[in-house]
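One structure below.
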Amino acid sequence: MSSSNGERVRIGVIGAGAVSDYHHVPAIRLDPRAELVAVCDADPNLLKRREGDWGVSRLYSDPAQLCAAEGIDAVIIATPNFTHKPIVLAAAAGHKHVLCEKPLGLDQGEVRAMYRASRDAGVVHMTAFTYRFAPSMRYLKHLLTTGTLGEPRHFRSQRFLDWPETSWGWRQYQEKAGAGDLFDMTIHRIDFALDLMGPLKSVCGAVARFAPRDIDNEGRSCPPSEVDDWSSLIGEFDSGATGVWEGTTLAKGYGREGFGHEWAEVNGSEMSAVYRLHEPNVILLGKTGQDLAPHDVPESFLKPSKSPRDPKVGKPATVFRYDIVWEFVSAIVEKRDAVPSFFDGLKAQVVADSVLESHARRVWVDIKPEAP
């Protein structure tokens, strides 16, 4: 669907924190087809600050009011996990296109309801799986789909962060976050593995918590963390390929200017290829008899062809994230599905939930295919 005014897509941002400020709002500014017209946040002080920062005059404290308002075509949701479902359902009821941060919900039941409501309302729906848009990830998928890597055999993912061991706020409580590293970080890697390698047949997994996080960043006591700060899984894909994932926020020395360490690798029968977050415009490639070596990602993969972003401007590990909003707006204008959609978010959530089930029951868990 195009915007109702036939001109620019009028977007309301729900959740005025760092993610919106660093990624979504700059992306809206870059796209001449889009316009930021409203902002909503529960914190009145932050809301007032964003009025000046972003130059937005329509301010809301209630997401449902924004979702029901006239003159808004689409919403971007960047709020705590436990709020996603009611806001998405309100957006669908208000016939607003919706881009939502991950994880979409606290469990697959919530996400399934969100997907079905948005699908049935006929609105564009999109999951903010950021790393699909990294240039080296886009090129890696091209090498897979064209057969350059040969038959894909192994997928491997590491996501190591060196975060302070102080409180995560709402993110460390199960009823508000669902899970910790698994839902916050590893779910991204589950998504792009499914995109690269196809459906998973079964998984086994484990989670652990090491840091109590009972002190906030100002030195005050708070209830300790209930969620994982380390997560892992082993998977068997329908194709017969295998996958291994590990994520942690407690890898000392892996700061990398805040971007952390990310390594995602596919070993094919002809070649191996590696994506790394801190150098997203470079891919590692290697064949038998040739060690893995860096290669510049071809220019045509540095951004989607019609994206207004200049890939030479800004930090490479930051600016590719702007293409999420470009894809969202493109899907609205072109009256097509966005990629990745809420259905992709659902498939990843089913796998993440299965990791928790596997760890609790100490068993392999089969992944049942989802019906669109």
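Could you tell me whether Val88 is surrounded by 22 or more Cβ atoms within 10 Å (Cβ to Cβ), in contact with a Cys (Cβ under 7 Å, 6 or more places away or on another chain) and more than 24 Å from Val351 (Cβ to Cβ)? So that I can check it myself, show each step before the final result.
Details: surrounded by 22 or more Cβ atoms within 10 Å (Cβ to Cβ): yes; in contact with a Cys (Cβ under 7 Å, 6 or more places away or on another chain): yes; more than 24 Å from Val351 (Cβ to Cβ): no.
Answer is no for this residue.
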Restricting attention to region 240-263, report how many residues are under 23 Å from Gln172 (Cα atoms) and of a type in the set (Asp, Glu). 2
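Being farther than 21 Å from Pro308 by Cβ, of a type in the set (Val, Ile, Thr) and either assigned by TED's automatic domain parsing to the domain that holds Val98 or in contact with a His (Cβ under 8 Å, 6 or more places away or on another chain) (or both) is true for just one of Val13, Val39. Which residue is that?
From the options Val13, Val39, the qualifying one is Val39.
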Kindly establish whether Gly243 is more than 23 Å from the chain's Cα centre (by Cα), crowded, with 17+ Cβ neighbours inside 10 Å and in contact (Cβ under 8 Å) with a residue 60 or more places away in the chain. no
The lone exception for Ser118 - which of (1) among the polar types (S, T, N, Q); (2) in contact with a strand residue (DSSP E or B) (Cβ under 8 Å, 6 or more places away or on another chain); (3) farther than 22 Å from Arg8 by Cα it fails: (3)
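Working only within region 69-90, note down all residues that are of a type outside the set (Val, Ile, Thr) and over 17 Å from Ala42 (Cα atoms). Steps first, answer last, please.
To start, the set of residues in region 69-90 that are of a type outside the set (Val, Ile, Thr) comprises 69-71, 73-74, 78, 80-82, 84-86, 89-90.
Ala69, Glu70, Gly71, Asp73, Ala74, Leu89, listed by residue number.
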Ala179 fails exactly one of (1) of a type outside the set (D, E, K, R); (2) crowded, with 21+ Cβ neighbours inside 10 Å; (3) without any contact (Cβ under 8 Å) to a residue 24 or more places away in the chain, namely (3)
Residue set Val333, Val319, Val339; condition out of contact with any His (no Cβ under 6 Å at 6 or more places or on another chain), part of a helix (DSSP H, G or I) and surrounded by fewer than 20 Cβ atoms within 10 Å (Cβ to Cβ); output residue Val333
Does any residue in region 289-306 that is part of a helix (DSSP H, G or I) come within less than 6 Å, Cβ to Cβ, of a residue that is surrounded by 12 or more Cβ atoms within 10 Å (Cβ to Cβ) six or more places away or on a different chain, and which pairs are these? Phe301/Pro135; Phe301/Arg138; Phe301/Tyr139
Screening Asp296, Asp366 for residues that are outside the structural domain of His154 (by TED's automatic domain parsing), modelled with pLDDT of 95 or more and either over 30 Å from Gly122 (Cβ atoms) or touching a Leu at 6+ places or on another chain (Cβ under 9 Å) (or both) leaves only Asp366
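How many residues are outside any helix (DSSP H, G or I) and crowded, with 20+ Cβ neighbours inside 10 Å when one looks only at region 342-366? Explain how you work it out, then say what you get.
Here is the first cut: in region 342-366, the residues outside any helix (DSSP H, G or I) are 362-366.
From what's left, crowded, with 20+ Cβ neighbours inside 10 Å: 365.
Of the residues in that region, 1 qualify.
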Failed criterion for Glu279 (all others in (1) touching a residue at least 40 places away in the same chain (Cβ under 8 Å); (2) among the charged types (D, E, K, R); (3) closer than 27 Å to Val98 by Cβ hold): (3)
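Closer than 30 Å to Glu370 by Cα and not assigned by TED's automatic domain parsing to the domain that holds Pro26, is that true of Glu246? Outline the logic, then answer.
Numbers: closer than 30 Å to Glu370 by Cα: yes; not assigned by TED's automatic domain parsing to the domain that holds Pro26: yes.
For Glu246, the condition - closer than 30 Å to Glu370 by Cα and not assigned by TED's automatic domain parsing to the domain that holds Pro26 - is met.
Which one of Ser225, Ser269, Ser221 is touching a residue at least 12 places away in the same chain (Cβ under 8 Å), loosely packed, with under 15 Cβ neighbours inside 10 Å and of a type in the set (Ser, Thr, Tyr)?
Numbers: Ser225 fails: loosely packed, with under 15 Cβ neighbours inside 10 Å; Ser221 fails: touching a residue at least 12 places away in the same chain (Cβ under 8 Å).
Result of the check over Ser225, Ser269, Ser221: Ser269.
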How many residues are surrounded by 14 or more Cβ atoms within 10 Å (Cβ to Cβ), under 19 Å from Gly71 (Cβ atoms) and among the small types (Gly, Ala, Ser) if we restrict to region 26-55? 2
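The values are calculated or read from the model by the stated rules, or taken from the named source; none is laboratory data. Keep in mind it's a predicted model, so treat the numbers as computed, not measured. Glycine gets a Cβ as well: all are built from the backbone with ideal geometry, and neighbour counts include every protein chain shown.
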